1. If you check residue B:50 against the conditions, is it in contact with a Ser or Thr (Cβ under 7 Å, 6 or more places away or on another chain) and within 14 Å of chain C (Cβ to nearest Cβ)?
2. Being without any contact (Cβ under 8 Å) to a residue 60 or more places away in the chain and surrounded by fewer than 24 Cβ atoms within 10 Å (Cβ to Cβ) is the filter here; which residues of segment C:225-246 pass it?
3. Identify all residues within segment C:268-277 that are part of a helix (DSSP H, G or I) and either in contact (Cβ under 8 Å) with a residue 60 or more places away in the chain or within 10 Å of chain A (Cβ to nearest Cβ) (or both); write none if there are none.
4. Report yes if residue B:177 is within 13 Å of chain C (Cβ to nearest Cβ), in contact with a Phe, Trp or Tyr (Cβ under 6 Å, 6 or more places away or on another chain) and closer than 27 Å to residue B:227 by Cβ, otherwise no.
5. If you take the residues of segment A:37-88 that are of a type in the set (Asp, Glu) and outside any loop (DSSP other than H, G, I, E, B), which of them is modelled with the highest pLDDT?
6. Which residue is farthest from residue A:105 (Cα to Cα), if the candidates are limited to segment C:130-143 and must be facing another protein chain (nearest Cβ under 7 Å) and of a type in the set (Val, Ile, Thr)?
7. Considering only segment B:144-162, how many residues are at the interface with chain C (Cβ under 7 Å from one of its Cβ atoms) and either at pLDDT 95 or above or within 27 Å of residue C:340 (Cα to Cα) (or both)?
8. Which ones in segment B:166-194 are hydrophobic (A, V, I, L, M, F, W, C) and either buried (at least 24 other Cβ atoms within 10 Å of the Cβ) or outside any helix (DSSP H, G or I) (or both)?
Amino acid sequence: MRSRRTAVVTNPAVLDLEDEQMRFAPLGPDVYGRTQPQTLLTTIEEQADPLLDLVGQHVVSIQTFRPQTLLQLFRLAAKYESNPGRYITHSVPLRGKILINAFYEPSTRTRLSFDSAWHRLGGTSINITDRATTGIAKGESLEDVAHMFNNYGDCVVLRESDSGAVFAMSQTLRIPIINAGNGIDEHPTQAMADLFTILKWRPALAKQQVAPEQRIRIGVIGVPARMRTVRSLLRILAKFPQMVEEVVVIHAADANPEASLFDPGQQEELREAGLKLRISTDLLAELPDLDVTYINAIAWVGDSFEVHGDQFRLTKDLPYKPGSIVLHPLARGAELSTCMDDSPHNWYFSQARGAVFLRMALLTCMVDRAERVMDVV
Amino acid sequence: MRSRRTAVVTNPAVLDLEDEQMRFAPLGPDVYGRTQPQTLLTTIEEQADPLLDLVGQHVVSIQTFRPQTLLQLFRLAAKYESNPGRYITHSVPLRGKILINAFYEPSTRTRLSFDSAWHRLGGTSINITDRATTGIAKGESLEDVAHMFNNYGDCVVLRESDSGAVFAMSQTLRIPIINAGNGIDEHPTQAMADLFTILKWRPALAKQQVAPEQRIRIGVIGVPARMRTVRSLLRILAKFPQMVEEVVVIHAADANPEASLFDPGQQEELREAGLKLRISTDLLAELPDLDVTYINAIAWVGDSFEVHGDQFRLTKDLPYKPGSIVLHPLARGAELSTCMDDSPHNWYFSQARGAVFLRMALLTCMVDRAERVMDVV
Amino acid sequence: MRSRRTAVVTNPAVLDLEDEQMRFAPLGPDVYGRTQPQTLLTTIEEQADPLLDLVGQHVVSIQTFRPQTLLQLFRLAAKYESNPGRYITHSVPLRGKILINAFYEPSTRTRLSFDSAWHRLGGTSINITDRATTGIAKGESLEDVAHMFNNYGDCVVLRESDSGAVFAMSQTLRIPIINAGNGIDEHPTQAMADLFTILKWRPALAKQQVAPEQRIRIGVIGVPARMRTVRSLLRILAKFPQMVEEVVVIHAADANPEASLFDPGQQEELREAGLKLRISTDLLAELPDLDVTYINAIAWVGDSFEVHGDQFRLTKDLPYKPGSIVLHPLARGAELSTCMDDSPHNWYFSQARGAVFLRMALLTCMVDRAERVMDVV
């Protein structure tokens, strides 16, 4: 469209912008992935009680959620996504509420996603974006920080590379906290956004009865023992075994021997919940049968991260099953080629977009404002 | 309650969270310290005039405040604390006002406290959290920064390790500035929060006449010459000599020889105002007679800080006077044991909680919105 | 007025603040430069159509603006400046809108200016203030960041030292982006604020017909090839040749040989648009004939900056033309003496103040809320 300039320009050509307008097409509801929130909205019957579970409740692990609570969250998220402008200018459900957005581990995407979700509902936020400027860096205990937060806001969103921090703070907190990624442990709202995307793609999966032939096969490229998004995704899928034909964990045998693929007990927990798990090292052989391909190249280890499975790289020319979708929690690395972006398999942009609405739904319920946006209450 | 994970987890046990809810008890008005804002509220008669002093007024030192202005501020803070949810959803006194929250010295606690106070009253804020990203780091003068601030907001909160910065900026500012800690000099809103806590504990001290036997003895563990919170606390106490039987400054003789304990003239200023001062090095001998024990381990020296009095460590088993309270401006170090937290002497959490309401009161008056929240105007 | 303290105070004198009030004079509309927004407001006839150009439009270069659109922007800015308190408490035109304030290059002044402008109209913002905490630092592509921004807000303000970043992001964005300084390339809203100031000083220049004797001579001290503010200023002046008698580019011949003063084609572009350009190295000889003296000492080169023309230093005793004005985009260095601040030639503070109102006007139009603040729509 037009020439870019590089960082050090000695004699840049004069831009050919005269009389040219830098225009863009406005964002329609279906731009990022062919999202169908309306269908999902009508598929799930509204119930208020399961959402009331979330009042007075921390969100540390996806494990504590009941399936019916999750489905009602997805319904509310679909309601928000179906009519994004309605709630901020009318019911303003979070008016007067303060979010403490505490990111001790660097993040733009998740921090801004929560901040945006909160603001879209009419709330205000106070932000910590850098560990170096905090009392924790000077030796203040997490419990004392939690005491402080109790006085300052109505909800905490925490990202910390120390996976125990969110547990330590939850002991002292008297306002709800959301785990927005604790080391390699969990990232529960990401898992919710993942399943929300799958249900927008196949709303029929949200029905009480799913016929066996409608069940989906999900390929997960990654290491469940070391990737928080994968750990949380498997746990949320284990709550809905009726939706899942099989989960195939795909890994690089040389980089991740099967013995270190799972934590002790992790597979057993999932299988006991009814999830069918299989392990594979052959992506190309699996792809033609996968309804959902989930890839995530980043595993956090302490304060840094390492990249797994760089022999797995999703490009446009692979043998995807027709109608199947590719998901990625983003930010991406080389494992997800940008040539996928205009493929019909690209639902990862829809996944990112839906995450904001999912978080809007969760936050609304956690601070006890669900009654302002529900029809049945 | 549940196991914590540490930062580097190789084989974390699967969390035993199934069917378990991560629940918390909601925050009641009396959770942190047995606060009695209602009693204080009814003890002080409302007067509008002393608060009008604060319009068009910078807050650099506690020294410029009249006692009756401070009492009315405490009354308004008690009103806010008695009914925390009322003002943000109804009168919204700071609607349309912008706070410039300028923290050139790292701080989470004070920055978030001011930000929360402002947001609770319906205002919005713009934030500076890191000197490195500012014009000052590139050599811009404080006077020019103040000119800029005039255009951008309605009130400035400044923390700067250079104690002269707030004076320099106040020359140019045409919007009010609050000193939120200037090096080792002062921290006036902390002193207000300290005395507000004492008055919630003993509302009778706020009466015009205090019987001699009701006066309190206050032990201050610290170095008045080098701790801004101690300097400001002594100055605010000197405005109310009728409340104070005696102030005992307790210090470690080896670390802080008496000659360096006070600035030249500092003791004289306090004594001339009517404050009875005594110096001691024996904490254990003093404790049984202290109504209020104030400890603060951090002294700022330039851009860093040093710890004083580490031989003084408040634990649960010391001979506190029954019914007496312990205060600490937080964040704490080793000098205040966490074993104190569930002791009835713990009023430092109440002190931290009250600081938000005190700042709400001060900010309301400084931007000339007191009439929106007072009954008598 | 009172003594300052320095950073390391060993024995600070007790402040003489007793009974003294730290008072300030409130900000009146005419404090910073003798601004005349009302006259400008009445000089330009209101038209809605040119502002509708800005809906669905990125602001990357000043080049894409039509003169009539700029004049209507100045009119709306003058309307805001004439009645600063009106819009935030009444029409609240940006209620429910979210600004993404993305500053990957350090800046306080511009970032806070946009943030303040947005908040004054009732919007909320989410902020990036530090490249180190972002996905871009971890290798995320600008296009992916733009995809993310689409989901999070209604408008992006970007500062990036890589001049191509704003072009790269504009390819993917479906919400409008404003270039708030891209390396040495452009800073279009600064140029708008510059011309807005000139028109407040001489509203007659905004008339359709400007008599030849009313045209102004503008001296620009700087290097057009290497200063984004100068580049953008010259481009906006070239849209209004009827206002300009002549532009004199004043430079230090030893530091900046004439061959490197302009980019290839830059002079030709300006001259073809009808702007009369002359080059000079003798500031003192030019000053008595200059109606506007524009100085700006900072040129960005990659991520750092270098200072030009330090032999040019504007002080109070130079032979300025009576009634002429001095402009500077600030922050200033030694090239603009503080002794100028109380000179009648000082319009740079007015320029800084007006920049907020100019940005308010631009932002209102870009997010399609102009109809809420215009009389004719």
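1. yes
2. C:225, C:238, C:241, C:242, C:243, C:244, C:245, C:246
3. Result: C:268, C:269, C:270, C:272.
4. no
5. Among them, the one singled out is A:49.
6. If we take residues in segment C:130-143 being facing another protein chain (nearest Cβ under 7 Å) and of a type in the set (Val, Ile, Thr), then C:134 is farthest from residue A:105 (Cα to Cα).
7. Looking only at that region, the number is 8.
8. B:166, B:167, B:169, B:173, B:175, B:177, B:178, B:180, B:184, B:191, B:192, B:193
The values are calculated or read from the model by the stated rules, or taken from the named source; none is laboratory data. None of these values were measured; they are calculated from a predicted model. Note: ideal-geometry Cβ built from the backbone for every residue, glycine included; neighbour counts use all protein chains shown.
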